[in-house]
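Beneath this line is the structure, given in structure tokens, with notes to follow.
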Amino acid sequence: MTAADDTRRGVAADLVAGVSMAGLLLPEAVAYSGIAGLPPQAGVLALFAGLLVYGFIGRSRFAIVSATSSSAAVLGAATLSLAGHDAALRAALAAGLVLATGLAFLAAGAARLGSICSFISKPVLRGFSFGLALVIILKQLPNLTSTHPDAGTAPAFAWQLLAALPQWNWSAMALGLASLVALKLLARLPKLPGALLVIAAGIGAAQALGLGARGVAVVGRIDLALSAPSLPALSQGQWISLAELSLALVLLVFAESYGAIRTMAFKHGDAVDPNRDLFAFGVSNLLSGLIHGLPVGAGFSATAANEAAGATSRKSAWIAGLVVLALVLACLPWIELTPQPVLAAVVIHAVSHTLSLSAFRPYFAWRRDRFVVVAAAVAVVALGVLNGLLAGIAISLAMTLRGLSEPRISQLGRKGGGHDYLNLAHDGVVAVPGVLILRPEAPLFFANVERMLAEMRHRIAENAPRAFVLSLEETPDLDGTTIEALAAFTAEQGAAGRITVLARLKDPVLELLQRAMAGQASTRLEAGSVDDAVSSLV
């Protein structure tokens, strides 16, 4: 097969994938606008911005950058908390938050903070996603029942929904459930635009059966007339509040997006470039904010659907954008007639893949992070989407700091009379007579150094060695607090008549300690192994 044949096959595959994705992306764009509490066009404009910009700048050939359910939910919760039900102010705040998110992405890319998504641990992200799916599905139920609960928290919202049971619109419920079943069945055929087919059938059914007269609401007017890109008129205090919220939104969007990008890259052996993707997300969100769209990211469901549909390059995203544009230009009056229960079914189907207890099973099997994953899910349901996100990030950072600050120290010994030094808990490992060898199992830094040194003093008091070896192989660098504490500690050991050797020192650490401990005759600095340090003592 020639290169030209491969190219033709790739273009054909991208064309099929692009058409298929358009059928999924357009309904979701409109539906996610409702989650954010914004007009339907906000999601459509964001879709164009994300697909266009990422196609030029991004690295992943499968990523579909558009509005996501999680970012739309956070945007809606943030603007509601700042503006209440003032629609005009919410729209201005939403545009400002998307712009601030874009700037934060660009700043992170310029600082090469590609590992920023690591600030949200996988258990927190999975717990948050599970809780968010519950909240989103719950908030879509009024569209299936034609009721209007307005409580802020999920439990109160659910109670109001149940209290309104006598007023439920069973025609809307039947249409929504039928649409959900159809979406589940069509999901088995990934190359078919299932969501678009369901929406077309829903519009036809609503018109044929006269469901409008039975109280089944439709999407309504979608105004896609583009005005000149502009900054929203907000006060300095409002911009500051949005800047703070943008940091949380950046962490969420990038953690979700890069998880999808990395999964596809590993599956197909592609390279990843997180810093380039940070820049791509920054420009995408800046453009989306300027045209008053939603925040955009690479949602896992859309990215996985693009790969499953046979995409081979970023051209599939551009083709999807062109098909969406053609659909909007040709069918906008019909799209405006989409029944709300059908859109609710599209949203529920889109987020249902995260509503699985299998996400929790590994953590209970490993007996690790069980509290974290459950707490993250409960926080979203109990505190709301925005506060739940902030709580999840706080839990993640707190668990990280807790792990780093705990004084986990191993005592080392020689294995079998050789040159290897291992934890004394291993078989065949014995302590070196008169020499206490300790190794912190976390990097020393300002938050844990005093606790670590206190534990070392306790071990020294118990063993009363003539010499002490401290292996700092886990510490790549030192801050000022740690340098001062180490210098005082080694001076203290010297005053007690004990030789101290700091071993396995990285080059930056060695240079720092040579300056900080100059003149301490009882302290030796060793860049080599623990065996070298012990040999120097013997």
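The values are calculated or read from the model by the stated rules, or taken from the named source; none is laboratory data. In this text the structure is predicted, and so the values were computed from the model without any measurement. Cβ atoms come from the backbone with ideal geometry, glycine included; neighbour counts cover every protein chain shown.
Restricting segment 428-459 to residues that are surrounded by 15 or more Cβ atoms within 10 Å (Cβ to Cβ) and among the small types (Gly, Ala, Ser) leaves a set whose member that is farthest from the chain's Cα centre (by Cα) is Ala431. Just to be sure I understand the filter: pairs with C-beta atoms under 8 Å, separated by 6 or more residues or on different chains, first member in segment 57-76 and in contact (Cβ under 8 Å) with a residue 12 or more places away in the chain, second member assigned to a loop (DSSP other than H, G, I, E, B) and of a type in the set (S, T, N, Q). Which pairs pass? Sorted first by the residue in segment 57-76, then by its partner, the pairs are Arg61/Thr312; Arg61/Ser313. Scanning segment 409-420 for any residue that is under 37 Å from the mean Cα position of the chain (by Cα) and not polar (S, T, N, Q) turns up at least one such residue.
Look at segment 522-538: where a residue is in a loop (DSSP other than H, G, I, E, B) and a partner is among the hydrophobic types (A, V, I, L, M, F, W, C), sitting 6+ places away or on another chain with Cβ atoms under 6 Å, you get Ser522/Ile499; Glu526/Val501; Glu526/Ala503; Glu526/Ala533; Ala527/Leu505; Ala527/Leu510. On inspection, Arg504 qualifies as in contact with a strand residue (DSSP E or B) (Cβ under 9 Å, 6 or more places away or on another chain), of a type in the set (Lys, Arg) and closer than 19 Å to Pro440 by Cα.
Here are some residues: Asp531, Asp477. Which one is in the same structural domain as His419 (by TED's automatic domain parsing) and farther than 21 Å from Pro433 by Cα? Matching residue, one of Asp531, Asp477: Asp477.
Here Ala36, Ala12, Ala31, Ala17 are screened, and the one residue that is touching a helix residue (DSSP H, G or I) at 6+ places or on another chain (Cβ under 6 Å), modelled with pLDDT under 85 and not basic (Lys, Arg) is Ala17.
I'd like to know if segment 220-229 contains one or more residues that are crowded, with 20+ Cβ neighbours inside 10 Å and either farther than 24 Å from Gln41 by Cβ or in contact (Cβ under 8 Å) with a residue 12 or more places away in the chain (or both). The answer is no; no qualifying residue exists. The helices (runs of 4 or more DSSP H) found wholly in segment 56-161 and carrying at least 2 residues that are polar (S, T, N, Q) and buried (at least 23 other Cβ atoms within 10 Å of the Cβ) occupy 69-83, 122-145.
Count of segment 357-367 residues, restricted to those that are in a loop (DSSP other than H, G, I, E, B) and free of Cβ contacts under 8 Å to residues at least 60 places away in the same chain, is 1. Out of all the residues in segment 298-351, which are assigned to a helix (DSSP H, G or I) and of a type in the set (Lys, Arg)? Within segment 298-351, Lys315 is the sole residue that qualifies.
For segment 232-266, a tally of residues being over 15 Å from the mean Cα position of the chain (by Cα) and touching a residue at least 24 places away in the same chain (Cβ under 8 Å) returns 10. Residues considered: Gly202, Gly210, Gly194. Of these, the only one that is in contact with a strand residue (DSSP E or B) (Cβ under 6 Å, 6 or more places away or on another chain) and in the same structural domain as Leu99 (by TED's automatic domain parsing) is Gly202. Being in contact with a helix residue (DSSP H, G or I) (Cβ under 8 Å, 6 or more places away or on another chain) and free of Cβ contacts under 8 Å to residues at least 60 places away in the same chain is the requirement here; does Arg370 meet it? Yes: the conditions hold for Arg370. Any residue at all in segment 198-211 that is small (Gly, Ala, Ser) and in contact with a Leu (Cβ under 6 Å, 6 or more places away or on another chain)? No, segment 198-211 contains no residue that is small (Gly, Ala, Ser) and in contact with a Leu (Cβ under 6 Å, 6 or more places away or on another chain).
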